[in-house]
Each structure stands twice: as structure tokens, then as C-alpha cells.
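Worksheet: one structure, shown below.
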Amino acid sequence: MSNTKYIFVTGGVTSSLGKGIVSASLAKLLQARGYSATIQKLDPYINVDPGTLNPYEHGECFVTDDGAETDLDLGHYERFLGVPTSQANNITTGRIYQSVINKERKGEYLGKTVQIIPHITDEIKSRIQLLGENGNWDFVITEIGGTVGDIESLPYIESVRQLRWELGKDSLVIHLTLIPFLAASGELKTKPTQHSVKKLLEYGLQPDVLVCRAEHDIPQDVRNKVARFCNVESEAVIASLDAETIYDVPLLMMEEKLDQVVLKKLDLKVGEDPALTTWKTFLTKLKNPKNSVTIGLIGKYVELKDSYKSIAEGFIHAGAHNECAVQIEWIHSESINKENVQEKLGHLNGVLVAPGFGERGVDGKLVAVQYARESKTPFFGICLGMQCAVVEFAQNVLGLSSSSREHNDNTQHPVIDLMAEQKKVEDKGGTMRLGAYPCKIEEGSFAHKAYGETEISERHRHRYEFNSAYKEEFAQAGMKASGINPETGLVEIVEITDHPYFIGVQFHPEYKSTVAKPHPLFIEFVKATLENS
Ligand code: GLN
């Protein structure tokens, strides 16, 4: 294909209509038709990245191979497409302004007054086109965060308006709206969609395709009405109905011919409908489980499930792979203590202690680890969860008065300590150990069995690490370091051998689990919980 095509996805009426999933589904369908596609998210907030945000604000922070801390929608893009994203796939207003202001300080604007138009919009446009310029993609799908009409997203909408002019036939706008159903009158209402498109038109942007979220199927006469009021063809009015699982959405979009409409509008070959065999096999297994297990996810942000989005999706992938329904029981770590742990965790087939920051909830996590270790319940600790497993072992097996340096600066035995390169770090944003690092796995370990190989690479996001001074003492007592970074010697994986399944990983395997390639550690953990059911 000659020119990269740019597809812009905007949202109207309300947030949470599923722009990320629709974008990922469209990209999936284009990919399945033989095109290459990447997705980019533009976020209107002023934070430079979501790394410093509390998970309660926007859910999980997703980390890419190149160490970018990004919006959780990038996780959906990777899980759907199986193609890694990078820093270039997520841009915030904060990052745009930071870069423009840095250029201004360097005198790069040659004495000009620096303004939203053209300077901010030029910066946005160049970040959008950057992905197209590297020549790897037939399609760059750019999702604009927020809802049309928000003050914050105006510079993005203006940039899209300008790009539509510049790119002409190489671009297209999809607007996602809501067609509510009024139960009292038994009718689907199109007015909010009309208003939302009018708002877009006020900003000079005519959508080419409308994806209308609705609770009931949208009959042809309603589609015609929307088309007439909004200057789009009625075949370009696409219904997006509530789905049983987000993984149904690509197939639903294919039934609605979203991909065909897009390809025709861009004068591209449509061809046969793709078979999507792997995808459909996954869905069949997901919907027809032969077994079921209950896994406790012990965390401190459990009120907002999006805080652990990639972990939850990792279990969906690994569950389907094992033809097993994984029920996650979300357990607040602050609610667990020595007195109630049996009652809280006794019925579980497996225990996962989640990543996290700060001291709150750590005591409950330590109690949960102790319970899993002693009762021989399959255990999986991720990042802080692994660190808790190490501290618990130090306290209760080695009998050390011990803690992570993160939770007690004066601890006698800092078995988890601040990494050397972190000691001089002052800024909070973007300064953790981030992104992909290699790890060498010991043969015969749980990890080796899971991965089936000894050299892996996984993504990181942490400041603290296993204190290698204690490695020998731990190994002798039964907790061994089975994964090591070959370059730095940092401990990446710990295991208790005398246990049906007990593993803690310093990295975040959940970021790399996809529909086509469920993560080996999730697969293996689910298997272990099945054996314990
Ligand atoms: N707070 C711990 C650290 O910074 C763990 C981080 C995490 O769980 N992502 O090392």
C-alpha cells in the first residue's frame, strides 16, 4: 500500500462508550484482511504521562517495551493486535506542552509568539504523523480521548480538522456516539447523536462514519434518520450493541461491515471476509469452559477493577487456553488479618498478590502470602506481590526482623531494598526501572516449565529489588532465585520449590498476555489452581 491512511476516532454524548475497544476491533479486522495497523491514544489531561496517577483516577498504568508509562487502552490494542506499542502510541497534553515549552526556551520559535494554533496543533500533528512516517503501517488509528465539546480536547479536534485538509483522501473520521433507549416510550433516541455531530461540525469536522452505541438493535429507519441529519451514508451508520465480552466486538463490527465501509471510503481493496480462526477458537473456548476455578486477587485498589485490567485480561486469556472459567475474587488487602485469613482465603484455588505502591495494605498482603505458603495454595506474586513473598519468607521462615525498605526505612534486614540507581532519583515521574529487561531462567524451575525456555524478556515498573546479599540464606531455607537479569544480576523471579506452585516475579507478565499468545505464567498458574480444585 502506498500512503499510510489515518483514521481518527472521536467520541460524543458521553464517555465510556468503548472508543478503545472499537478502535482495537477495527484495527484487528484490518489486520485480519492483510493490512498493518497501529493505534494511538491522545489523552487530553495535563499530566505528562499516567505514571504518577493514582490507579483510582484512570485505572492501570500500562507499560510498553520501551518503558513508556501509558493509558490502559494501549493494553487493549496490544491484546487485540498482538503487536507491541511504544511511547509514540500515547500522547498527553502535558507531553505536548512540555515539548513546545522546551523548544520555546531553546529559542526554536525565532522570537514568534507561541500559540495554540499553530504551535500546539503542529506539535500534535507531527506526533500523529510520526507513526505513519516510519513506513511500517498501512493504517494509523488515532483515538482522541474525552468527549467532543470538552475544553481540554479542543486542540486535538482542531489538529484533526487541519489534518483532514492536508491528508484529504488518506484520512477518515469515525465518531462514536450513543443512541439511548427510552423505556417509557419504547423508543431509540437519535437527538443526542445529532447534537454531538453538530458540535463536531461547529469545529469544522464532518464525520465519515458514525458508530452508535445502543442497547437495542438500530432499525434501518433509525439509521436512515441519523444519516440524513448527520450528512453520512446510512451504510456508514454502524450499530455497536452491548457485548457479552469485549472480545466479541471485532466480530460484531465485522457483521456491521465497519471495516468494509472504512476500506471503501479510502478506496482500498476489501476482499473476502477474514476467517479470524485463532480469534474464534479463543472465543469458543472462553464461552464453553469445562472447569472453573476461583482465584483471589489481593490488592488495595480493588474497588476499581480497571486498576488491575491487564491481570484480569491475562486470566481471561489463560482461562480460555485451559478451557477453564477463572472467577476472580477481588479482595481488599486491608480487610485481611491473621484472625480472618482462613475465612477470607480458605475456599480459593489460588492466591495472587498484586502490584502496588506504598505501605497501605501491605500487612494484609503478608498475611495472604503466609497463608498461601503454609496451606500449599498455588501462589503468584507480581512485583510488590513478589516483594511481599520475600519479606514474608524473611520474617516467618528465616526469623529475621525484616521489611522492604519502601515500608520501613530503618528495617534491620532490608531484604527488599532501593535499587542503587534509584538512590539519586528525586523526580517521581518516569524515573522507575521501566520497560523490557532480559531474564535468564534456571532449568527445572516452575518458571522454566511455564516458559519452556531459559531466556526471556519482560516489562518492569518498580524502584525496589530483591537484596542479593540475602540470596544464599534464602536458597538454603527453600526460596530460590530462579530468574536473574544476566546483565545486572538483579533477581527477577523467586520460587519456593517445596510447594505445589509458588512463584513471585519482579516484572509485570500481565502486560504481555494477548488473545493469540496467553502469557505462560498465567497459563501455568491457572493449571496449578485447576489441580488444586
Ligand atoms: N512499590 C514497589 C517498587 O517500587 C513495587 C512496584 C510495583 O508493584 N509495580 O519496587
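The values are calculated or read from the model by the stated rules, or taken from the named source; none is laboratory data. A quick note: this is a predicted structure, and the numbers were derived from the prediction, not measured. FYI the Cβ positions are ideal-geometry reconstructions off the backbone, even for glycines, and counts take in every protein chain you see.
Across the stretch 493-508, which residue is surrounded by the fewest Cβ atoms within 10 Å (Cβ to Cβ) among those that are of a type in the set (A, V, I, L, M, F, W, C) and more than 16 Å from the ligand (Cβ to nearest atom)?
Among them, the one singled out is Ile496.
Consider Thr52 carefully, then state whether it is buried (at least 20 other Cβ atoms within 10 Å of the Cβ), within 27 Å of Ala436 (Cβ to Cβ) and among the β-branched types (Val, Ile, Thr).
Against the criterion (buried (at least 20 other Cβ atoms within 10 Å of the Cβ), within 27 Å of Ala436 (Cβ to Cβ) and among the β-branched types (Val, Ile, Thr)), Thr52 does not qualify.
Quick grid of which residues meet (1) surrounded by fewer than 17 Cβ atoms within 10 Å (Cβ to Cβ); (2) within 18 Å of Pro500 (Cα to Cα); (3) within 16 Å of the ligand (Cβ to nearest atom); (4) not aliphatic (A, V, I, L, M):
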| residue | (1), (2), (3), (4) |
| --- | --- |
| Val341 | no, no, no, no |
| Leu348 | no, yes, no, no |
| Gly361 | no, no, yes, yes |
| Leu366 | no, no, yes, no |
| Phe380 | no, yes, yes, yes |
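Looking at the stretch 233-290 only, could you name the residues that are on the phi > 0 side of the Ramachandran plot and aromatic (Phe, Trp, Tyr)?
none
Scan the stretch 189-208 and report the pairs whose first residue is within 17 Å of Tyr156 (Cβ to Cβ) and whose second residue is polar (S, T, N, Q) and assigned to a loop (DSSP other than H, G, I, E, B), with Cβ atoms within less than 7 Å and a gap of 6+ or a chain change.
Gln206/Asn231
Taking helices (runs of 4 or more DSSP H) that fall entirely within the stretch 213-309, which contain at least 2 residues that are loosely packed, with under 15 Cβ neighbours inside 10 Å and β-branched (Val, Ile, Thr)?
Of the helices (runs of 4 or more DSSP H) lying wholly inside the stretch 213-309, those with at least 2 residues that are loosely packed, with under 15 Cβ neighbours inside 10 Å and β-branched (Val, Ile, Thr) span 277-287.
Among the candidates Ala372, Ala420, which residue alone is on the phi < 0 side of the Ramachandran plot, away from the ligand (no atom under 13 Å from the Cβ), modelled with pLDDT of 95 or more and aliphatic (A, V, I, L, M)?
After applying the criteria, what remains is Ala372.
Residue by residue through the stretch 445-469, note down the ones that are within 16 Å of the ligand (Cβ to nearest atom), touching a residue at least 60 places away in the same chain (Cβ under 8 Å) and either hydrophobic (A, V, I, L, M, F, W, C) or in contact with a helix residue (DSSP H, G or I) (Cβ under 7 Å, 6 or more places away or on another chain) (or both).
Arg459, Tyr464, Phe466
Looking at (1) in contact with a strand residue (DSSP E or B) (Cβ under 6 Å, 6 or more places away or on another chain); (2) surrounded by 13 or more Cβ atoms within 10 Å (Cβ to Cβ); (3) not aliphatic (A, V, I, L, M), can you tell me which one Gly204 breaks?
Failed condition: (1).
Just one of Phe474, Phe522 is within 18 Å of Val353 (Cα to Cα) and buried (at least 18 other Cβ atoms within 10 Å of the Cβ); which is it?
Answer to the selection: Phe522.
With (1) more than 15 Å from the ligand (Cβ to nearest atom); (2) part of a loop (DSSP other than H, G, I, E, B); (3) in contact (Cβ under 8 Å) with a residue 40 or more places away in the chain as the list, and Asn337 as the residue in question, which single condition is left unmet?
(3)
For residues that are within 13 Å of the ligand (Cβ to nearest atom) and within 19 Å of Leu418 (Cβ to Cβ), tally how many sit in the stretch 382-397.
9
Can you pull out every residue in the stretch 103-143 that is in a loop (DSSP other than H, G, I, E, B), closer than 30 Å to Leu263 by Cβ and not acidic (Asp, Glu)?
Hits for the stretch 103-143 are Asn134, Gly135, Asn136, Trp137.
Counting only residues that are crowded, with 22+ Cβ neighbours inside 10 Å and of a type in the set (A, V, I, L, M, F, W, C), which one in the stretch 1-12 is nearest to His175 (Cα to Cα)?
Val9
Criterion first (farther than 30 Å from Leu345 by Cβ and among the β-branched types (Val, Ile, Thr)) does Thr278 satisfy it?
Answer is yes for this residue.
Among residues belonging to the stretch 426-444 that are in contact (Cβ under 8 Å) with a residue 40 or more places away in the chain and over 16 Å from Thr70 (Cβ atoms), point out the one that is surrounded by the fewest Cβ atoms within 10 Å (Cβ to Cβ).
Filtering first and then ranking leaves Lys428.
Every residue in the stretch 385-406 that is out of contact with any Gly (no Cβ under 8 Å at 6 or more places or on another chain) and part of a loop (DSSP other than H, G, I, E, B), please.
Listed by number, the residues that qualify are Leu398, Gly399, Leu400, Ser401, Arg405.
Taking into account only those residues within the stretch 310-334 that are assigned to a strand (DSSP E or B) and of a type in the set (A, V, I, L, M), which is farthest from the ligand (Cβ to nearest atom)?
Going through the qualifying residues, I end up with Ala325.
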